[in-house]
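Report on the structure given below.
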């Protein structure tokens with residue numbers, strides 16, 4: 001949490017310096033947000049799922065956990081391969 005507060009302070013200063021926004025950012029801690037286990041290498045998957053979740057309008061519902069990562073990894077792999085396959089057919 002301390003590191004997050006430091007980032008918010010730095011971002012506030014940067015945004016103000018660049019004239020992007022004058023109002024300070026608000027740090028909100030959500031204790032329902034899923035945690036990545038310390039021995040996991042799923043950082044990218046967690047970030048993608050976090051961005052996907054918070055980009056939805058309305059109330060945030062965390063619908064994934066560390067236990068879901070093997071399935072999520074397989075879903076992303078399938079989506080990437082499907083996209084690449086479709087692109088190669090159109091070229």
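The values are calculated or read from the model by the stated rules, or taken from the named source; none is laboratory data. The structure presented is a predicted model; accordingly, all values stated were derived computationally and were not measured. Using ideal geometry, Cβ is built from the backbone for each residue, glycine included, and neighbour counts are taken over all protein chains shown.
Points worth noting:
- Tally of residues being part of a loop (DSSP other than H, G, I, E, B) and in contact (Cβ under 8 Å) with a residue 12 or more places away in the chain across the range 48-70: 4
- Residue within the range 1-10 that is part of a loop (DSSP other than H, G, I, E, B) and within 19 Å of the chain's Cα centre (by Cα) present: yes
- Residue within the range 10-23 that is in contact with a helix residue (DSSP H, G or I) (Cβ under 7 Å, 6 or more places away or on another chain) and loosely packed, with under 13 Cβ neighbours inside 10 Å present: yes
- Residue within the range 71-88 that is modelled with pLDDT under 90, surrounded by 11 or more Cβ atoms within 10 Å (Cβ to Cβ) and part of a helix (DSSP H, G or I) present: no
- Among the conditions (1) in the same structural domain as residue 69 (by TED's automatic domain parsing); (2) outside any helix (DSSP H, G or I), the only one that residue 26 does not satisfy is (1).
- Selection from the range 29-47 of residues that are surrounded by 12 or more Cβ atoms within 10 Å (Cβ to Cβ) and part of a helix (DSSP H, G or I): 45, 46
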